[in-house]
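The structure appears below as structure tokens.
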Amino acid sequence: MKSSNDEFQLKGVAAAPGIATGYAFILDKQEFLISPRSIMEEEVLIEIARFEEALQKARQEIVDIQQKVSEKIQAQQARIFDAHLMVLEDRALIDDVVKRIKEEKLAAEYVFSEVIKKYAKVFSQIEDSYLKERVSDINDVGRRVLKNLVNEDKLHEFDGLDEEMILVSHDLSPSDTASMYNKKVLAFVTDIGGKTSHTAIMAKSLGVPAVVGLKDATLKIHNQDFIIVDGRKGLVFVNPTEETKEFYQGAKSRIIEFQGQYESIKDLPAETKDGVTVELHANVELPQEVPTLKKYGASGIGLYRTEYFYMNRVDLPSEEEQYTAYKKVAEGVGSNEVTIRTLDLGGDKFISSLQIPKDMYSYLGWRAIRFCLARPDIFKTQLRAILRASAHGNIRMMYPMITGVQELREANKILDDVKAELREQNIAFNEDMPVGVMIEVPSAAVVSDLLAKEADFFSIGTNDLIQYTLAIDRVNEQTAELYQPEHPAVLRFINMTVEAARKANIDVSLCGEIAGDPILTVLLIGLGFEKLSMSAGSILHIKNLIRNINYEDAHQLVQHVLKLSTGVEVEAYSRRKLKELAPGFIVDN
Ligand code: PEP
Ligand code: MG
């Protein structure tokens, strides 16, 4: 089915390494990929009853959520659901579905998905901004009813794939990406997104190559086009020539060869030639990843992003469920350290069980620790679960997006209350569980000396620290070029934080994406980090690098770059130096 078009190349943001070749599958987010299923005459009434039951169930779910929301957030937010209920009670829509089930003898889910698509289309074409906005209500309700008609998993479009494909989409939410685990997706490419968007981070976790921020890939690539995705360089080749195919076949073989070589260092320490050891931990998004960590040579989990646990579901996870998952994660790495981060909701990560106010989508808004402090019910449930799990493993816990000492104290106050409750109930937990702070907001870096007096450890989150320092939205492809980890301001904040931790004698590590970027890893080693956490897939590559350099050289490199004036200069100098320090090392593996 190869298109006869000539080869062309698209350049985007390299989001997850690796090379994939295959046919494109264009994912239209508004579509529900439900296949038609014929039914017998005698099944018509059963299908209609199933449809009515699904509507009824959806109605009940919405009323329940509406009640919860109006009790716990603001009554105004709960009104969104009135629009959802109106869609469900629309007689014309219901009659249309029933009529078509009878006449066309097709299953309810297919007929309903077609009717809802038709409605969404009609609304989207109306020249009235209020009515246009109702399209998302229609789609939301559509999804809810369909979920009651078919297995929820089936609603994720990736299940519509029955052969291995490269997914091409305008955007993918982190929760979409999370549901790709173990699916037939070879790679994905998107129009929007930046290097450290959570969708990109998730792709790395899944070991799926990804290029994001291609701006108009969904317009230029067609279904079934043969494409090559180069996740290392951020390139996509559409209808590649034989020559390009051969080139990438060779590149793929070289990657496999490299991986083979890494096998021999898997169980060796990440130790520089002059004897400085760096602990390399993994960032984990899904508990399913834990059993695979050993093969990547991770010596612990430096960041467990718990928010994925809250996604792709209609309710909030209970304490018991969370406890079981955290315990399993801790037990999965034996005596190694696991750093669990409390819920970091907001920005590009949101959960379906709460109807999220618009403000949460803002990176500067009501999110992460702010949300948790405002919703102690949700926060306490998680804290109880983490504390209980701490009795079963080497668990540390840290708070995201702390801006200063006040917030740390408020969070710790809630933690103390939870601990008191557990003691009273005679429930075991580790009284000495270390409690740390993520340094990912400039204000936190500036007061890191003050925070160091009240925190057990620091973990620097450069993905956010960079975006907040440089005022560059991490998910925005338009500004992707300006997202500059080597900017002197960022380096100074990191250095400042390391110094503060050192003075207070507390542990400091770094868990942003730059930890897995060779050019920056050398700088980080030179800055004195003894613990770095990164996507599991980067660990062996970085371990190989560390084993090939001298700490002393890295330290000198840092002394030099700290005096440079621009990020471009820092990057160029570090790249040149890296070639000198580790001649055989390939930067983009
Ligand atoms: C960070 O901000 O650097 C970080 C590690 O956390 P996240 O990417 O989940 O925001
Ligand atoms: Mg962050």
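FYI, it's all coordinate maths here, none of it is from the lab. Being a predicted model, the structure only gives us computed values, none of them experimental. Note that we place each Cβ from the backbone using ideal geometry, even for glycine, and neighbour counts take in every protein chain shown.
The table below lists the values:
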| quantity | calculated |
| --- | --- |
| Unsatisfied cross-links (Cα-Cα over 24 Å) in the set LYS121/LYS204; LYS503/LYS531; LYS57/LYS349 | LYS121/LYS204; LYS57/LYS349 |
| Distance violations [Cα-Cα > 32 Å] among LYS99/LYS220; LYS118/LYS220; LYS328/LYS419; LYS11/LYS183; LYS184/LYS419 | LYS99/LYS220; LYS184/LYS419 |
| Qualifying trypsin sites (Lys or Arg not before Pro) in segment 529-566, DSSP loop, other Cβ atoms within 10 Å at most 13 | LYS563 |
| Rough spin-label spacing in nm, given labels placed 7 Å along Cα→Cβ, for ASP432 and ARG91 | 7.2 |
| Order by protection proxy (mean Cβ within 10 Å, highest first), peptides 187-199, 363-375 | 187-199, 363-375 |
| R0 of 35 Å, Cβ-Cβ distance ASP377-ALA83: FRET efficiency to nearest 0.05 | 0.85 |
| Linear extension gain, PHE258 paired with GLU499, 0.36 nm per residue minus alpha-carbon span | 83.1 nm |
| Amide H within-cut-off set for GLU337, under 5 Å, with H built and near neighbours excluded | ILE301 |
| In nm, spacing of pseudo-spin labels at LEU482 and LYS11 (7 Å Cα→C-beta vector) | 1.9 |
| Which of TYR310, TYR248 has the fewest Cβ neighbours within 10 Å, and the rest in rising order | TYR248, TYR310 |
| Global geometry of the chain, whether rounded, prolate or oblate, following the gyration tensor of its Cα atoms and the 1.5 cut on a/c | oblate |
| Stretchable slack from GLU164 to ALA471, in nm (0.36 nm times residue separation minus alpha-carbon distance) | 106.6 nm |
| Span from the segment 180-197 Cα centroid across to the segment 444-467 one, whole angstrom | 30 |
| Proximal charge balance of GLY194 [Cβ under 15 Å; K/R count +1, D/E count -1] | -3 |
| Efficiency of FRET from Cβ geometry, ALA49 and ASP449, R₀ 45 Å, rounded to 0.05 | 0.10 |
| Contour excess over end-to-end distance, with Cα ends at LYS295 and ARG576 and 0.36 nm allotted per residue | 98.0 nm |
| Sorted by Cβ neighbour density within 10 Å, fewest at the top, the residues SER443, SER538, SER253 | SER253, SER443, SER538 |
